[in-house]
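Reviewing the structure listed below.
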Amino acid sequence: MKCNKVLLMIITIFLLTSCKKSIEPAEQSENPSSFEQIGLLDIGNTGAAEISSYCSKTKKLFVVNNSSGNNKIDVIDFSDPANPVFLTSINVAAYGGLVNSVDVKNGKLAAAIEAVPKTDPGKVVVFETGNYSVVSIITVGSLPDMITYSPDGKFILTADEGEPNSNYSIDPLGTVSIILVNDNYSVTKIDFSSFSSMEAGLVSRGLRKFGPGASFAQDMEPEYITVSEDSRTAWVTLQENNAIARINLITNLITDIYPLGFKNYNLSGNTIDPSDRPLGTLSFNQWPVYGIYMPDGIAVLPAIGNDIPYLFTANEGDAREYSTFTEEMRIGSVALDPVLFPNATTLKLPENLGRLTITRTLGDIDNDNDYDALYSLGARSFSVWNGNTGALVFDSKNELEQKAVMANFYDDDRSDNKGVEPEGIAIGEVGKRMLAFVGMERADAVAIYDVSNPQQPVFLQILATGDAPEGVLFISSKDSPNKRSLLVVSSENDGVIRVYSPSVN
């Protein structure tokens, strides 16, 4: 009798389980090629939405807001990504000047805040994401421009750009500050002085060192940081210097500087439209000009198979402009070597190269006051680099600009400068594919690539964003409030946060 009852129970459980499975919906998978906008929030005017970071613990989005008269971090209820709601602001004026960057880990918000004046040491302030109380205040290097936690949450790192003052009479060291979270937020600042003796060799390979009267360590200006999945290595872009530095986080030592060299716009595939005249007339051709990669944003793809960390960079370009030193000039205003440029008169026409801005710090190879080579700022692309050697693995050539033209996003008014200006870049996994999201400041767009094979990224789609996208944030489905992959783009010129998500199959 008991055996029959047990058997009956087993059969009942089996039938109920089968029935339950039959009425459950099939598991849905996200389509990495189908991102679309699902939400939007306008938090102000110019400067009101620069960098964003998400706290999965509190389901809040923290957004840098440096709009006119403001110096704060806006807090957004992000529990429903389709309907983000402004909650409050954290005023950071008491800690210094503008807040430049934020990042969140384990319920702690870290903010990088520059000093007044900016050449003084800056601060990192750590807040609780729940009640916004201050956890710690840490002094770091001058002008902390970007901040990030390591994946394991043990480190906070800042790229301390160390920009000079307006007349270049004060030029702080460029540094990277490494903060140990579990050691009462103790900090170590490292600089580039140990590479001073290698300056000539680094410059010969494409590094730029050109600040008036600056030492090697003063001239290096860290811009953006990415950290390996195992939290043992960091890479830092030195944008103005056209290089990437590698840091050992176990020893707190800069182990390598990788000069990035130059991009030849006179090669097929690298064609550019170098003129904004007549406005709206686009013509992509080969030209005797080099691009200086000068990356801003950087992201690392987790090592796969061969243990090579692949670094993805957004090659924006940036000029030094100060009251006593201005780097940019137009080709139409300079003398070209008559032997190397026998068609100089034609090249210097406004509709050709005449209006293209170049740097005055490179190109006069023989010091005879005419230019033997021409170097423009940025590379109008994103690139992939070997994180162990600095070797170039892939460059998108002119595809970002061509895709922007096809989507009617291209801003011809920037053709004479840095084109679409790739600035921010993020990497995330969607539908078992690794994707790269490339923000283009002047095209007001984000391009999405499948980078599962980092040696051959494949274009998937391009999305319209707000005006001048600054922050490109990917939130994985496991951390997302709605368990869907999310792309959050914050745009500094219109103060708008836009939220995108892929469709499901």
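Couple of notes before you dig in:
- Test for D307: is it at positive phi, open to solvent by 40 Å² or more (accessible area, probe 1.4 Å) and not hydrophobic (A, V, I, L, M, F, W, C): yes
- Annotation note: of T188, T148, the sole residue that is under 20 Å from N252 (Cα atoms), at pLDDT 95 or above and over 19 Å from the mean Cα position of the chain (by Cα) is T188.
- Search result, residues across the stretch 91-131 that are aromatic (F, W, Y) and surrounded by fewer than 20 Cβ atoms within 10 Å (Cβ to Cβ): Y95
- The sole residue among G201, G213, G269 that is out of contact with any strand residue (DSSP E or B) (no Cβ under 8 Å at 6 or more places or on another chain) and in a helix (DSSP H, G or I) is G201.
- E50 falls short on exactly one of the conditions (1) in a loop (DSSP other than H, G, I, E, B); (2) more than 22 Å from A111 (Cα to Cα), and that condition is (2).
- Filter pass, D366 being outside any strand (DSSP E or B), open to solvent by 50 Å² or more (accessible area, probe 1.4 Å) and among the acidic types (D, E): yes
- Restricting attention to the stretch 90-117, the residues that are small (G, A, S) and in contact with a Lys or Arg (Cβ under 6 Å, 6 or more places away or on another chain) add up to 2.
- Answer residue from the stretch 53-86, given it is of a type in the set (D, E, K, R) and not in a strand (DSSP E or B) and is farthest from T148 (Cα to Cα) among those: D80
- Those residues of the stretch 216-266 which are closer than 26 Å to D395 by Cα, of a type in the set (A, V, I, L, M, F, W, C), touching an Asp or Glu at 6+ places or on another chain (Cβ under 9 Å) and not in a strand (DSSP E or B), in sequence order: M220
- Considering the stretch 341-355, the residues that are of a type in the set (A, V, I, L, M, F, W, C) and free of Cβ contacts under 8 Å to residues at least 40 places away in the same chain include one that is most open to solvent (accessible area, probe 1.4 Å), namely L349.
- Residues in the stretch 137-186 that are in a strand (DSSP E or B), surrounded by fewer than 16 Cβ atoms within 10 Å (Cβ to Cβ) and small (G, A, S): 1 in all.
- Among the residues of the stretch 64-77, those that are surrounded by 18 or more Cβ atoms within 10 Å (Cβ to Cβ) and either among the charged types (D, E, K, R) or farther than 17 Å from E128 by Cβ (or both) comprise V64, N65, N66, S67, N70, N71, K72, D74.
The values are calculated or read from the model by the stated rules, or taken from the named source; none is laboratory data. Note that the coordinates shown come from a computational prediction; the quantities given were computed from them, not determined experimentally. FYI the Cβ positions are ideal-geometry reconstructions off the backbone, even for glycines, and counts take in every protein chain you see. Surface areas here come from the heavy atoms of the whole protein model, side chains and all, with no ligands, DNA or RNA. Shrake-Rupley method; radii C 1.70, N 1.55, O 1.52, S 1.80 Å.
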